[in-house]
Amino acid sequence: MNFTPSDWAAIRLTLELATLATALLILFGTPVAWWLAHTKSRLKPLVTSLVAMPLVLPPSVIGFYLLVFMGPNGPLGHLTQSLGLGTLPFTFTGLLVASCIYSTPFVVQPLHNAFEAIDDRMYEAAATLRAGPIDRFFSVAVPLAKPGFLTAAVLGFAHTVGEFGVVLMIGGNIPDKTRVVSVQIYDYVEALEYGEAHRLAAVMLIFAFVVLFLLYTFNPTRKKAA
Amino acid sequence: MKNRASRILVALLSIYSVVASADETQVAVAANFAAPVQKIAAEFEKQTGHKAIVATGATGKFYAQIVNGAPFDILLAADDETPAKLEKEGQSAVGKRFTYAIGKLVLWSAKAAVVDDKAEVLKRGGFDHLSIANPKVAPYGAAAVETMKALGVYDALQPKIVMGENIAQAHQFIATGNAPLGFVALSQVLKDGKIEGSYWIVPEKLYSPIRQDAVLLNKGKDNKAAAAFLDFLKTNKAAKDIILSYGYSL
Amino acid sequence: MIEADFTLSLPGFELEARLELPIHGVTALFGPSGSGKSTLLRCLAGLSRPQRGRLVVNGEVWQDEGCFLPPHKRPVGMVFQDAALFPHLNVRQNLDYGAGRAKRGGKTKNVPKADDLIDLLGIGHLLDRRTGMLSGGEKQRVAIARALFSSPELLLLDEPLAALDGARKGELLLYLDQLHRQLDIPVVYVSHAPEEVARLADHIVQLKEGRVQNFGPVMGIFPYLQQPQTHEEGVFTLLAGTIELHDSNDHLTQVSVGEHRLWVRYIDRPVGSPMRLRLLARDVSLSLDPGARESSILNTLRAEVAGVEETAPGRALVRLALRDGPELLSRITTRSARNLKLEIGQTIYAQIKGVAPLE
């Protein structure tokens, strides 16, 4: 594959973005998923709905609102400006925030399901074996939810790589900063440079297939917890 | 009796002919021409009884769709290259191409007193983002780059440039305040002869004219409404007035 | 001494239990399902938090007004009905889970000798297996070992036999029986099966609809637990005895219960071993004459009539007091009772047709 330097830049940027977004989503999505799996709060349907929103909203809606909210007149924009961070659109950080929002359900839902599938008795048994709450989480919940973590990470990563609409709306197509592979492909198509588009698009196609193939091969659907 | 029957037949035939003459045509329109084309289509329907169904978007995307069999009868492009290319590739009727509008570029900010009438702001800097349409795919983007180069500010401004995929998105970045200023089509910001915010209409000598060509596509060759629409666009006074009112020249 | 006093309200169920458990031996929480046995056990473990409760174990307050020791801070070992082994760990790792944490917490008071315990429960050959590969009985043995490895001061068993079939049940009962004799920590055992209780328990707490109905040593009170009206045929008396001698010619073993001697079928245990005997009330006949020499019955005991109760039309349950020993029950017809002219304090001879040793 003879990619141009700008292709390579887009690929590197995409991988960076997806890796960071996945790491952040696992970090912050895990407590949310845990809470969802165990709460009896009346807020649960509210939070579940919020988490699932990106699944049903068109990326253009998310992109548009992010543009408005993160803009200099938006609430998030006010916050970031008052913190001396400037505004987020057209920055890598902005893209990261957007990716996290956009990929949230792909990380939180597998984790939520994985935590929910663990029999409460496992935690009770651990508790009677002197394991405190945090100990129980790391020594029982995390290992038992391992397939869920794997699914969450793979889907979060792959979905971020595949994201286009939101990035297009708030990215501003800046090389090395916000021009990810999907945007690069779109540019090629728009500019009628179909050969270049094919090269990158084929890579994405293969990537998507390989990722999903590996996921379904090595992480078959979870058996019901005994 | 005979007389009455023939009268009914005539009536039926005349209804049929009205139905037959009221055709529809599918028109693909460049994003910058979205607003004027709505008004023109309304006027067109009022005057001819035909209906023009309008889809707006990026010219490059329309090209890809047309080549792959999209059901458009007409393309109102944002440039003259795409229609020429379509004609060369046999995707459109030969010799039916004409310039329906010449676009004008404007440096615009949604806020007052950002853009001055000499465009000093471009030299002064002091802003973080400058929004333009992607020059690779959008004629207005290319014109914006040409303008900055002519002014000798392109290299200095390049790191600040954010690109919309089309001129509509470039406008959106500015309208939402995310980019304090940028180059857009005059037609996008001119409303009822006024422009909100601050602006500088770029002198035409700074960029090559943005000729926007219309072309009759193969799908529309036998469509009466399509022919009528192109004719309307080319010759009708009302249509021309609408185009001018949006800041295009002819 | 374990003092517990719990009040717990759940939708459709209320537990109001107050009891004192001895610090030695096995206490059975006995009752039909829904009687609150498991809930009471969970309150002891700290897994359920009663609205109002007080729990003092050996002078240490585990729970009281404004104080609630969470389960991981209570030195209890718990064995769940379904074993609840960790599927992501193998047997050895399961055992080490609690052991390591107890050690780090400085709780080593009751550390059992690991190898002895593994031998005792017969799980030595399973240590490297995944838990998913174990049979039901093996799982329970591992679960018991795992609980004991965490050096508990109190062992709680929640119907550990319920999920097992007949043969496995018997096998695990053997292990539990062994364990019972070797452990010196109190064990609370939830069960709804009279056989298990008869076999293992030293004390019994009978629960009904969330309340304690009876509490006491299993020998003395067990006869009355079974609600004769409903379990007419199964009423029995439990006697605690010791193997006295074997008669290999006739293939019999003699068991002493206090000063009394009973012949039972041969039992392959050394002389001096404790042995529980179950005497079904319907297998105990009464006679006014001690000298039924010409009879096939091997065991005849002299007793006093302690009470007669008509439990069903035409049927009577007679309580007999043995000298120095526990009470005995006899099921006879009311006509026989009339013919014998039974009176409280009257001397009578109980002819025992069958004695079942519980091994």
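The values are calculated or read from the model by the stated rules, or taken from the named source; none is laboratory data. Just so we're clear, the structure is a prediction, and the values are computed from it rather than from any experiment. Cβ atoms come from the backbone with ideal geometry, glycine included; neighbour counts cover every protein chain shown.
Here are the numbers for the structure shown:
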| read-out | value |
| --- | --- |
| Per-region count, region A:50-66, residues within 14 Å of chain B (Cβ to nearest Cβ) and more than 16 Å from A:CYS100 (Cβ to Cβ) | 3 |
| In region A:17-38, residue farthest from A:THR151 (Cα to Cα) [restricted to those that are in contact (Cβ under 8 Å) with a residue 12 or more places away in the chain and of a type outside the set (A, V, I, L, M, F, W, C)] | A:HIS38 |
| Within region A:83-100, considering residues that are more than 13 Å from chain B (Cβ to nearest Cβ) and free of Cβ contacts under 8 Å to residues at least 60 places away in the same chain, the one nearest to A:ARG179 (Cα to Cα) | A:THR93 |
| Residue count, region C:31-88 (criterion: part of a loop (DSSP other than H, G, I, E, B), under 16 Å from C:LEU154 (Cβ atoms) and more than 12 Å from chain A (Cβ to nearest Cβ)) | 2 |
| Sole residue being under 27 Å from A:PRO89 (Cβ atoms), in contact with a strand residue (DSSP E or B) (Cβ under 9 Å, 6 or more places away or on another chain) and of a type outside the set (Gly, Ala, Ser), chosen from B:ILE195, B:ILE243 | B:ILE195 |
| Answer residue from region A:103-147, given it is within 30 Å of A:PRO58 (Cβ to Cβ) and in contact with a His (Cβ under 8 Å, 6 or more places away or on another chain) and is nearest to the other protein chains (Cβ to nearest Cβ) among those | A:PHE115 |
| Scope region B:55-88; condition of a type outside the set (Asp, Glu), surrounded by fewer than 18 Cβ atoms within 10 Å (Cβ to Cβ) and not in a loop (DSSP other than H, G, I, E, B); matching residues | B:ALA55, B:GLY57, B:ALA64, B:GLN65, B:VAL67, B:ALA84, B:LYS85, B:LYS88 |
| Those residues of region A:115-145 which are surrounded by fewer than 22 Cβ atoms within 10 Å (Cβ to Cβ) and within 15 Å of C:ASP96 (Cα to Cα), in sequence order | A:ASP135, A:ARG136, A:SER139 |
| Residue match in region C:101-122 (condition: more than 12 Å from chain A (Cβ to nearest Cβ), crowded, with 22+ Cβ neighbours inside 10 Å and closer than 25 Å to C:VAL197 by Cβ) | yes |
| Qualifying residue in region C:335-356 (condition: in contact with a Gly (Cβ under 8 Å, 6 or more places away or on another chain) and either at positive phi or surrounded by 12 or more Cβ atoms within 10 Å (Cβ to Cβ) (or both)) | no |
| Which numbered condition B:LEU230 fails, given (1) more than 17 Å from the chain's Cα centre (by Cα); (2) within 18 Å of B:VAL29 (Cα to Cα) | (1) |
| Residue list for region B:44-53, restricted to those being surrounded by fewer than 18 Cβ atoms within 10 Å (Cβ to Cβ) and either modelled with pLDDT of 95 or more or not polar (S, T, N, Q) (or both) | B:GLU45, B:LYS46, B:GLY49, B:LYS51, B:ILE53 |
| Enumeration of residues in region C:123-144 that are of a type in the set (D, E, K, R), surrounded by fewer than 19 Cβ atoms within 10 Å (Cβ to Cβ) and outside any loop (DSSP other than H, G, I, E, B) | C:ARG130 |
| Some residue of region C:297-310 being within 26 Å of the chain's Cα centre (by Cα) and among the hydroxyl-bearing types (Ser, Thr, Tyr) | no |
| Filtered residue count, region C:229-262, keeping only those that are touching a residue at least 60 places away in the same chain (Cβ under 8 Å) and surrounded by fewer than 17 Cβ atoms within 10 Å (Cβ to Cβ) | 4 |
| Some residue of region A:170-186 being within 14 Å of chain B (Cβ to nearest Cβ), in contact (Cβ under 8 Å) with a residue 24 or more places away in the chain, aromatic (Phe, Trp, Tyr) and farther than 22 Å from A:PHE28 by Cβ | no |
| Region B:182-228: number of residues that are in a helix (DSSP H, G or I) and either touching a helix residue (DSSP H, G or I) at 6+ places or on another chain (Cβ under 6 Å) or modelled with pLDDT of 95 or more (or both) | 6 |
| One residue from A:GLY172, A:GLY165, A:GLY148 being under 22 Å from B:GLY57 (Cα atoms), surrounded by 22 or more Cβ atoms within 10 Å (Cβ to Cβ) and touching a Phe, Trp or Tyr at 6+ places or on another chain (Cβ under 9 Å) | A:GLY172 |
| Strands (runs of 3 or more DSSP E) fully within region B:89-173 counting 2 or more residues that are within 12 Å of chain A (Cβ to nearest Cβ) and touching a residue at least 40 places away in the same chain (Cβ under 8 Å) | B:130-133 |
| Scan of region A:67-82 for residues that are within 10 Å of chain B (Cβ to nearest Cβ) and farther than 17 Å from B:ASP128 by Cβ, ordered by number | A:VAL68, A:PHE69 |
| Filter result (under 14 Å from the mean Cα position of the chain (by Cα) and crowded, with 16+ Cβ neighbours inside 10 Å) within region C:170-186 | C:LEU172, C:LEU173, C:TYR175, C:LEU176, C:ASP177, C:LEU179, C:HIS180, C:PRO186 |
| Verdict on B:ALA239 being surrounded by 20 or more Cβ atoms within 10 Å (Cβ to Cβ), at pLDDT 90 or above and part of a helix (DSSP H, G or I) | yes |
| Residue, farthest from the other protein chains (Cβ to nearest Cβ), within region B:174-206, restricted to residues that are in contact with a Gly (Cβ under 6 Å, 6 or more places away or on another chain) and under 26 Å from A:PRO75 (Cα atoms) | B:ILE174 |
| Residues being in contact with a Leu (Cβ under 6 Å, 6 or more places away or on another chain), in a helix (DSSP H, G or I) and within 23 Å of C:MET219 (Cα to Cα) - total across region C:145-171 | 1 |
| Evaluation of A:HIS159 against (1) assigned to a helix (DSSP H, G or I); (2) within 9 Å of another protein chain (Cβ to nearest Cβ); (3) touching a residue at least 40 places away in the same chain (Cβ under 8 Å) (one fails), failing number | (2) |
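Let's see how each residue does on (1) surrounded by fewer than 20 Cβ atoms within 10 Å (Cβ to Cβ); (2) at pLDDT below 85:
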site	(1), (2)
C:LEU288	yes, no
C:GLY291	yes, yes
C:LEU301	no, no
C:ALA306	yes, no
C:THR311	yes, yes
C:LEU322	no, no
C:ARG331	no, no
